[in-house]
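Take a look at the structure below.
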Amino acid sequence: MGYIELMDISKSYNKQSNVLNGIDLQIEEGEFFVLVGPSGSGKSTLLRMIAGLEEISGGTLKINEKVVNHLPPKDRNLSMVFQNYALYPHLTVEQNILFGLHAKKVDKQVQKKRLEETAKMMGLSELLNRKPRELSGGQRQRVALARAVVSEAPLCLMDEPLSNLDAKLRANMRIEIRRLQKKLGLTMVYVTHDQVEAMTMGDRIMVLNDGIIQQVGEPIELYNKPANLFVATFIGSPKMNLGKAKIKNDQLIIEDALTIPFEKMDVPESIQNRKLVIGLRAEHMPHGNETQQVQHVEIVNVEHLGNETLVSFEIGTELWTAKWLGQWLIQVGDRVPVHISVENMCFFDAETGDLIKAAAFTRKQEVVLR
Ligand SMILES: Nc1ncnc2c1ncn2[C@@H]1O[C@H](COP(=O)(O)OP(=O)(O)OP(=O)(O)O)[C@@H](O)[C@H]1O
Ligand SMILES: [Mg+2]
């Protein structure tokens, strides 16, 4: 049994259409659980329902084995960081941070100690006497974070808490939040629309689209075995390369532009007569050598990232990107050999978008790792 259990949860704001549908989910105690999805997919709504700030239209919500559908927020023993980090404008940073502890009449010495530690961690020590209007957006966001952190409630809900920070601070805060969550053994539900944040922070991730769960799993599982085309293209950067494909005789034909020799044994017979979409990660299309089967493609864009090079080329109407380690002196217009092989491909059903078969390399890697 999970620490938080959502059973067939749905939400409608207008009684006509649902913004969340059939959400079945268990979040374990001490888990860092990330909700990720595009804007408007229902992430904040779901989090606010767990917090008790939004009425639940259908289904059952349990926290710590107790049905809490109608329990007021203050009795749920949780802290929350809101997407718009509501601070009290007339209170100082220090008073804002300690507001909850003050209300709960926590010992003054304990308050002081937690304030000092948290302010230091969040880089707010110098700002404790300021009012929110005297802070930048990123600083306000850190005050809201600090307020949740000092409460040390066993369940912490965060809604895009790092969205206003610059890239360097965000990377630091990701690590701090993750360390703190592990140290205090908090159960964390963390909302973001940033798939990198989801991948780097979550023990498990749930991908939401249009109010429907697309997939729940560990980051690597989502990356290697995306349940459908939505997850395939949402998780990972650069995004997974896709192409319409069909099998003809002993060949795989992609976008009517690329023909790849194909051992029928490579894929189950059941998919051989279906309309397919194949997916290939950028790192699985290496620069080809003579011993490999290669395709010659014309480069239309090159991005030098320093430690790796992204090269793009057209396959039919699709623009594909390959990622090669190191620095390659390649120019737009060059024709280069690329190793494109069936064993690195994910196969999806073109009609439903569902995964039929993950790339073979994942299975090999699993064997090595275990
Ligand atoms: N109070 C409300 N009344 C009516 N519709 C609402 C209300 N709040 C949210 N919605 C709608 O519910 C859907 C989900 O909104 P929600 O805020 O949960 O999305 P989100 O995934 O958090 O998006 P974002 O990444 O932009 O914060 C949206 O279509 C939104 O317009
Ligand atoms: Mg939101």
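The values are calculated or read from the model by the stated rules, or taken from the named source; none is laboratory data. Note that this is a predicted model, so its numbers are computed, not measured. Cβ placement follows ideal geometry from the backbone for every residue including glycine, while neighbour counts extend to all protein chains displayed. These accessible areas exclude ligands, DNA and RNA; they are computed on the full protein's heavy atoms, side chains included. Shrake-Rupley method; radii C 1.70, N 1.55, O 1.52, S 1.80 Å.
A few points about this structure:
- Summed over the range 315-348, residues that are assigned to a strand (DSSP E or B) and either open to solvent by 40 Å² or more (accessible area, probe 1.4 Å) or in contact with a Leu (Cβ under 9 Å, 6 or more places away or on another chain) (or both) total 13.
- Unique residue being in contact (Cβ under 8 Å) with a residue 40 or more places away in the chain and touching a helix residue (DSSP H, G or I) at 6+ places or on another chain (Cβ under 8 Å) when the list is Leu87, Leu128, Leu124, Leu115: Leu87
- Index of the failed condition, Pro38 passing every other in (1) within 12 Å of ligand 1 (Cβ to nearest atom); (2) in contact (Cβ under 8 Å) with a residue 60 or more places away in the chain; (3) over 16 Å from the mean Cα position of the chain (by Cα): (3)
- Of the residues making up the range 133-152, just one is within 16 Å of ligand 1 (Cβ to nearest atom) and either assigned to a loop (DSSP other than H, G, I, E, B) or among the hydrophobic types (A, V, I, L, M, F, W, C) (or both), namely Ala144.
- Only a single item in (1) outside the structural domain of Asn84 (by TED's automatic domain parsing); (2) surrounded by fewer than 21 Cβ atoms within 10 Å (Cβ to Cβ) is not met by Asn129, and it is number (1).
- Leu155 more than 16 Å from ligand 1 (Cβ to nearest atom) and either hydrophobic (A, V, I, L, M, F, W, C) or on the phi < 0 side of the Ramachandran plot (or both): yes
- Sole exception among (1) more than 25 Å from Gln251 (Cβ to Cβ); (2) in contact with a Pro (Cβ under 8 Å, 6 or more places away or on another chain) for Gly326, by number: (2)
- Matching residues, the range 94-132, being part of a loop (DSSP other than H, G, I, E, B), among the charged types (D, E, K, R) and over 22 Å from Asp75 (Cα atoms): Arg130, Lys131
- Checking Gly22, Gly52 one by one, the residue that is free of Cβ contacts under 8 Å to residues at least 60 places away in the same chain, assigned by TED's automatic domain parsing to the domain that holds Ile220 and more than 14 Å from ligand 1 (Cβ to nearest atom) is Gly52 and no other.
- Pairs linking a residue in the range 203-225 that is modelled with pLDDT of 95 or more to a residue that is open to solvent by 60 Å² or more (accessible area, probe 1.4 Å), with Cβ atoms under 7 Å and 6 or more positions apart or on different chains, are Arg204/Glu218; Gly211/Asn18; Gly211/Asn21; Ile212/Asn21.
- The one condition in (1) open to solvent by 40 Å² or more (accessible area, probe 1.4 Å); (2) of a type outside the set (Lys, Arg); (3) on the phi < 0 side of the Ramachandran plot that Gly123 fails to fulfil: (3)
- Strands (runs of 3 or more DSSP E) lying entirely in the range 193-302 (those with 3 or more residues that are open to solvent by less than 50 Å² (accessible area, probe 1.4 Å)): 204-209, 212-217, 241-248, 251-254, 276-280
- Scope the range 107-120; condition of a type outside the set (S, T, N, Q) and surrounded by fewer than 19 Cβ atoms within 10 Å (Cβ to Cβ); matching residues: Asp107, Lys108, Val110, Lys112, Lys113, Glu116, Glu117, Lys120
- Restricting attention to the range 28-74 and to residues that are within 16 Å of ligand 2 (Cβ to nearest atom) and in contact with a Pro (Cβ under 9 Å, 6 or more places away or on another chain), the residue that is nearest to Val231 (Cα to Cα) turns out to be Val34.
- In the range 150-171, the residues that are within 12 Å of ligand 2 (Cβ to nearest atom) form Cβ pairs under 7 Å with partners that are outside any helix (DSSP H, G or I) and of a type in the set (Ser, Thr, Tyr), at six or more places apart or across chains, as follows: Met158/Tyr190; Glu160/Thr192.
- Whichever residue in the range 1-17 is modelled with pLDDT of 95 or more and among the polar types (S, T, N, Q) and, among such residues, is farthest from Ala232 (Cα to Cα): Ser12
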